[in-house]
Each structure stands twice: as C-alpha cells, then as structure tokens.
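Engineer: Before I ask anything, let me first share the structure, which is written out below as structure tokens.
The values are calculated or read from the model by the stated rules, or taken from the named source; none is laboratory data. Since the model is a prediction, treat every value here as computed from it, not as a measurement. Cβ placement follows ideal geometry from the backbone for every residue including glycine, while neighbour counts extend to all protein chains displayed. Remember, those area values only see protein heavy atoms, side chains included, never the ligands or the DNA or RNA. Shrake-Rupley method; radii C 1.70, N 1.55, O 1.52, S 1.80 Å.
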Amino acid sequence: MENTQQELGILGFFGILKQSFKIIFYHKKLFTQFSLAFLIPITIIFQVKMFTAVLFSFNMFKNRAEPEDITVFVIPQYSSLNFNLMASFKWTVYWFLSEIGYLILLLIFSILSTISIAHTIGSIYTSREVNFSKATALIPTIWKRVLITFLLIFAITSVYDYLLGPVLGLILRLLFFKKFTVVKLVVGIILTILYIAVFVYITIIWRLASVISVMESNTSGMKAIIKSRNLIKGKMAAAVGLFIVVLTFSAGVDTLFMLLVVYGPIIPLRIGIGILSFILKLLTILLLYVVQTVIYFVCKSYHNEDIEEEYYVADDDQKAMDVQLVTLLLD
C-alpha cells in the first residue's frame, strides 16, 4: 500500500489518464455492471434533455433565428416569448417541469455512480476484494452526506450558469451589436476564456469534493469543498488538463449529436450517428467518474495523507464476526 501511494503521488496528466484506463480495462466486468445500472441512465438523461431543449425552445420562442440562445432571458425585446399567449405559457411550464425532473434523475444516478465507483477504486488501491454488491452496499450508509455536497455545489453552479452565463451573453451581444473591431474581439475572447476557466475550476472542486464525501467520514458540504480546494494544490495543472480534455471531448460528442441527430436530415444517418454518439458519451462519462477518483488518490498520496479505511476495516470486522459465528455453530 505504501509503495502504491508513493507511485500515485508522482503521477501527472498522462500518468493519471493511463491509470484510469488501466483500472477500467482490468475490471471490465465490474465497470460494465456500473454502466448498465447507473451510467446508461445518465447518458439517456443527457441526450433526452438535448431533444427536449430544442423542442421547448422552438415552442417557447416563436419565429426566432436562434431559439436556444439563452440571452433571450435577459433581453426580452429580442424574444417573441409572450406569457399572454397560452401556447408560450404552456410550453414554459413544460420546460420548467422537465428541468426539475432532469435534475432529480441526474442527481440520483450521479450519487449512485459516485459512491459505487469511488468505493471500487478505493478497494482496488487497498487490495480489498470488490464486486458489484460490495460497491453498492455502502449507498444506504453514506448517500446523505454525498447528497449534501451535491446540493451545495449545485447551488453554486446554478448561480454561475443562470446568472453569470446570461450576463456574459448580454455583454458579448452588446460588444458586437454594431461595429466589429479587433479590440471588441479580444475583449470577447478574454471574457469567454475567463468564464470557461472558472467553470472548469468549479467542476474540478465539485468532482473532487464528491469523492471526498464518499471516502472520508464526517466530511460533506462546505467542509468537503474546502478539503477539495486544499487537496488539489500541487496537482491543479494535471487536473485542469484532464478535465479540459474530457469536457471538450464530451462537448464534441454533444455537438455531433445535435447537428447530425437532432437536426439531421437523413433518418438512417441520424440513427447511426445517434448510436455512435450514445456509446461515446457513455464511455466519456465512465472515464470522468474514474478520473475524478484517481485524481483524489493521487492528491492524497502527493500530500502524504493516508487513505481513509473506515469502511474497509468495517468489512474486515464483519468478516471476522462471520467466521466467529460459523466456528461457534460448528462447535
């Protein structure tokens, strides 16, 4: 275990990526089970949301060249949304209800995936026996503290996405509303890069905090977020690089899905690309969950912190009790 921790502590971008792929390939059966139980539903949720977003946008904002443009929420004069029209109001209610359903389902399956995969990788690194039943057995015990962390991070990301996102859209629209200049282009690029950089940072903290909530007892919510910020120090460059690569690839798959499946003109092509994009999205989500957990163990090793073995010790205690019980029965 000690040697493993020392080796993990020196891993960088490529080392973490290689370690993540190795874990997945060496335990294909187990991660296939996780995919069937938790990750396929997440993938379906994501892709259904893209379909419904287009459907609701076209019905909520009639006669718009860019119906999905989020700036319509902060620039009413550019939108034909009219709550006096029953159709617009009806579709707005549908959109709101679908968002609530989407977030609830995504929250449930994200918690299940995080707990199962984090515990599995922890068992692998501590040379403990692991299977699907053992990985999911912890869910009833620790789901509450993982939920607290997820809800807090969700509140932070919601403020960032639904307030600062439209503000950035408004600024960019105003910048290029009239005359185009190089200065305006540079300012727009800088603002966009800053927005993306903060988004990636929040994503890293969120992902690491969720794993901390699983692996470390009595750590959730703001405590997990603070722990995450401190733990990532020294490995920030590798983490940023990994999340940018994974999120960029995921965005590319989503773009492919939108252009050739949602808006695609040919049915056979839409079906084929739909299947391909579904598989790629599924693999990307799996890699993301594994990477975030490996980063956690790399950061723990880098800071010379012992891996929390509370639950693994509990497993051993239970085994010992079972052996004692069997011995008594035989006697």
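Engineer: What is the spin-label model distance, in nm, from Glu129 to Ile10 if the labels are put 7 Å beyond Cα along the C-beta direction?
Structural biologist: 3.4 nm
Engineer: Continuing with the same structure: How far, in nm, would the chain grow between Ile275 and Lys144 when pulled straight, counting 0.36 nm per residue and subtracting the alpha carbon separation?
Structural biologist: Values: separation 131, 0.36 × 131 = 47.16 nm, distance 3.49 nm.
Separation in residues times 0.36 nm, less the Cα-Cα distance, equals 43.7 nm.
Engineer: If you don't mind, another one. Residue by residue, what Karplus-based ³J(HN,Hα) values in Hz, rounded to whole numbers, does region 10-26 have, using 6.51, -1.76 and 1.60 with θ = phi - 60° and x for Gly and Pro?
Structural biologist: 9, 5, x, 3, 6, x, 5, 5, 5, 4, 5, 4, 5, 4, 5, 6, 6
Engineer: Which pairs in the list Lys90/Lys281; Lys28/Lys134; Lys144/Lys281; Lys235/Lys300 are over 21 Å apart, alpha-carbon to alpha-carbon?
Structural biologist: Numbers: Lys90/Lys281 32 Å; Lys28/Lys134 16 Å; Lys144/Lys281 28 Å; Lys235/Lys300 10 Å.
Too far apart for the 21 Å limit: Lys90/Lys281; Lys144/Lys281.
Engineer: Once the mean 1/r over all distinct Cα pairs of region 204-247 is inverted, what Kirkwood radius in angstroms do you read off?
Structural biologist: Details: mean 1/r = 0.0940 Å⁻¹.
For region 204-247, the Kirkwood estimate is 10.6 Å.
Engineer: What figure in square angstrom, to the nearest 10, would you give for the accessible area of Ile148 with a 1.4 Å probe?
Structural biologist: 90 Å²
Engineer: Could you check the spin-label model distance between Phe154 and Phe249? Points 7 Å from the Cα along Cα→Cβ, value in nm.
Structural biologist: 2.8 nm
Engineer: Output ³J(HN,Hα) for region 226-240: one whole-Hz value per residue in order, computed from phi by the Karplus curve 6.51 cos²θ - 1.76 cosθ + 1.60 with θ = phi - 60°, and x for Gly and Pro.
Structural biologist: 5, 4, 4, 4, 6, 6, 6, 4, x, 10, 4, 4, 5, 5, 4
Engineer: Over region 179-284, what is the relative contact order in percent, taking alpha-carbon pairs closer than 8 angstrom and at least six residues apart? It would help to have the intermediate numbers written out before the result.
Structural biologist: Values: 52 pairs, mean separation 20.0, N = 106.
Computed over region 179-284, the figure is 19 percent.
Engineer: Report the extension gain between Asn218 and Tyr102 in nm, rounded to one decimal, defined as 0.36 nm multiplied by the number of residues separating them, less their alpha carbon distance. Can you show the working numbers first?
Structural biologist: On the way: separation 116, 0.36 × 116 = 41.76 nm, distance 2.88 nm.
Length gained between Asn218 and Tyr102: 38.9 nm.
Engineer: Which sequence of Met222, Met258 reflects their accessible areas, 1.4 Å probe, from the largest down? Let's see the in-between values first.
Structural biologist: Working: Met222 100, Met258 45 Å².
Putting Met222, Met258 in descending order of accessible area: Met222, Met258.
Engineer: Assuming 0.36 nm per residue, please report the length gained on full extension of the stretch Met236 to Lys22 beyond their Cα-Cα distance.
Structural biologist: Numbers: separation 214, 0.36 × 214 = 77.04 nm, distance 2.21 nm.
Taking 0.36 nm per residue and subtracting the Cα distance, the gain is 74.8 nm.
Engineer: Could you tell me the calculated FRET efficiency between Thr52 and Ile171, based on Cβ-Cβ distance and R0 = 35 angstrom, to the nearest 0.05?
Structural biologist: On the way: r = 28 Å, r/R0 = 0.81.
E between Thr52 and Ile171, to the nearest 0.05, is 0.80.
Engineer: Further, regarding this structure: Note down the relative contact order for region 109-256 as a percent, whole number, built from C-alpha pairs under 8 angstrom at least six residues apart. Can you show the working numbers first?
Structural biologist: On the way: 96 pairs, mean separation 43.3, N = 148.
The normalised contact order for region 109-256 reaches 29 percent.
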